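For reference, the structure discussed in these notes is given below.
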Amino acid sequence: MLHLLGLEWKKIRYYRTFQVLVVLFIIALPGIMMIPKTFSSLPDEIISKDMFYMFPNGWKFFGYVGNWLAFFFLGFLAVISATTEYANKTLRQNIITGLSRRQFFSAKLSFIIAISLAATLYYTFVCLLFGFTHTETIYMSKVFQEADLIPRFFLMCLGYTSFGLLVGLLIRRTGIALFLYLSYVMIIELILRYPIHMRFFTNRSIHFYPMNAIEDLVPIDIPPFNQLADEFMDENNFSFFLTPTEAVITSSFYIGLFLLGSYLLLEKRDL
């Protein structure tokens with residue numbers, strides 16, 4: 001597996017788009033979270049600026065920002081890593097020179113696991129750095145109170161990248177594949193869930209669509225949004241999010257489907 005990951009790294013490390021997306025992710029995660037520091041005063045002056053960074057809130061705030069960044073930057077990386085194989089004809093060349101289709105899939109799988117793990121480690125580092133520098137009294141129980149978000153963050157990254165890999169292998173053309181990836185996550189699934197699905201099924205079941213389940217791994221469970229969501233649920237008996245357990249199980253199921261689809265495309269399709 002390490003050998004295959006090394007081959008993948010050699011192919012992509014000098015690719016300018018890869019470098020740009022990685023650098024933007026690294027800058028954007030702490031950069032976006034620095035925005036509250038620019039506010040002269042927050043709404044009603046009842047929210048401390050430090051609450052965005054201190055333990056245990058930091059895990060949630062950085063996680064939610066990281067959710068959007070992973071969807072965009074890491075998903076794009078996965079799409080591009082697949083489509084460039086066809087554009088540069090490296091897939092065919094790898095097969096000709098002795099790499100099996102299964103090994104090629106394993107290389108792609110190791111790549112998306114590696115970037116998901118790297119993003120998760122970076123998220124953990126940033127949360128700890130800001131948390132230790134903005135929390136007045138440090139208790140280890142408080143530091144790791146929301147640390148279950150770490151494996152969920154990894155699974156969320158893997159969800160976006162596995163879907164991006166599937167779209168890239170399915171479409172092959174970078175521009176069209178990126179457009180479809182964005183369109184499905186931001187438009188198509190919402191149309192399937194609300195105008196169509198809700199007309200025939202229960203409201204609760206709309207949460208079990210793939211991208212919604214992946215997003216609910218690290219939801220916007222932060223004040224004041226979580227209070228509003230709780231109030232809405234109490235009044236209407238309708239929850240905005242899957243529970244963490246539901247999100248993990250549902251996302252894992254879809255990730256398995258995405259990876260199976262990618263493998264079958266590589267095995268059955270003409271190069």
(request) Would you check which residues across segment 101-115 are out of contact with any Ser or Thr (no Cβ under 9 Å at 6 or more places or on another chain) and open to solvent by 40 Å² or more (accessible area, probe 1.4 Å) and list them? (result) Arg101, Arg102, Gln103
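Would you check if Arg199 is within 30 Å of Ile150 (Cβ to Cβ) and open to solvent by 50 Å² or more (accessible area, probe 1.4 Å)? Explain how you work it out, then say what you get.
Working: within 30 Å of Ile150 (Cβ to Cβ): no; open to solvent by 50 Å² or more (accessible area, probe 1.4 Å): yes.
Taking the combined requirement at face value, the residue does not satisfy it.
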(request) Working carefully through the options Arg172, Arg152, find the one that is at pLDDT below 95, in contact with a helix residue (DSSP H, G or I) (Cβ under 8 Å, 6 or more places away or on another chain) and closer than 22 Å to Phe258 by Cα. (result) Arg172
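Every residue in segment 138-155 that is in a helix (DSSP H, G or I), open to solvent by 60 Å² or more (accessible area, probe 1.4 Å) and under 24 Å from Asp50 (Cα atoms), please.
Residues of segment 138-155 in a helix (DSSP H, G or I): 140-143, 149-155.
Next cut, open to solvent by 60 Å² or more (accessible area, probe 1.4 Å) only: 140-142, 151.
Within segment 138-155, Met140, Ser141, Lys142 meet the criteria.
For every residue, the table says whether it meets (1) in contact with a Ser or Thr (Cβ under 7 Å, 6 or more places away or on another chain); (2) closer than 15 Å to Ala70 by Cα; (3) assigned to a helix (DSSP H, G or I).
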| position | (1), (2), (3) |
| --- | --- |
| Leu129 | no, no, yes |
| Glu136 | no, no, no |
| Cys157 | yes, yes, yes |
| Leu166 | yes, no, yes |
| Ser183 | no, no, yes |
| Ile191 | no, no, yes |
| Tyr194 | no, no, yes |
| Ser205 | no, no, yes |
(request) Look at Ile191 and say whether it is over 30 Å from Phe104 (Cβ atoms), without any contact (Cβ under 8 Å) to a residue 12 or more places away in the chain and either touching a Gly at 6+ places or on another chain (Cβ under 8 Å) or of a type in the set (Val, Ile, Thr) (or both). (result) yes
(message) Considering only residues that are within 18 Å of Ile220 (Cβ to Cβ) and acidic (Asp, Glu), which ones fall in segment 119-156?
(response) Glu146, Asp148
(request) Count, please, the residues in segment 12-56 that happen to be over 16 Å from His134 (Cα atoms), at pLDDT 85 or above and surrounded by 13 or more Cβ atoms within 10 Å (Cβ to Cβ). (result) 12
(request) Output the residues belonging to segment 168-181 that are part of a helix (DSSP H, G or I) and open to solvent by 40 Å² or more (accessible area, probe 1.4 Å). (result) Leu170, Ile171, Thr174, Gly175, Ile176, Phe179, Leu180
(request) Give the residue, chosen from Ser251, Ser262, Ser239, that is modelled with pLDDT under 80 and among the hydroxyl-bearing types (Ser, Thr, Tyr). (result) Ser239
(message) Just the residues that are hydrophobic (A, V, I, L, M, F, W, C), within 20 Å of Lys60 (Cα to Cα) and under 18 Å from the mean Cα position of the chain (by Cα), please, taken from segment 12-40.
(response) Phe25, Ile26, Ile27, Ala28, Leu29, Ile32, Met33
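The values are calculated or read from the model by the stated rules, or taken from the named source; none is laboratory data. The structure displayed is predicted, hence computed values, not measured ones. All Cβ positions, glycine included, derive from the backbone under ideal geometry; neighbour counts span all protein chains shown. Note: areas computed on protein heavy atoms with side chains; ligands, DNA, RNA excluded. Shrake-Rupley method; radii C 1.70, N 1.55, O 1.52, S 1.80 Å.
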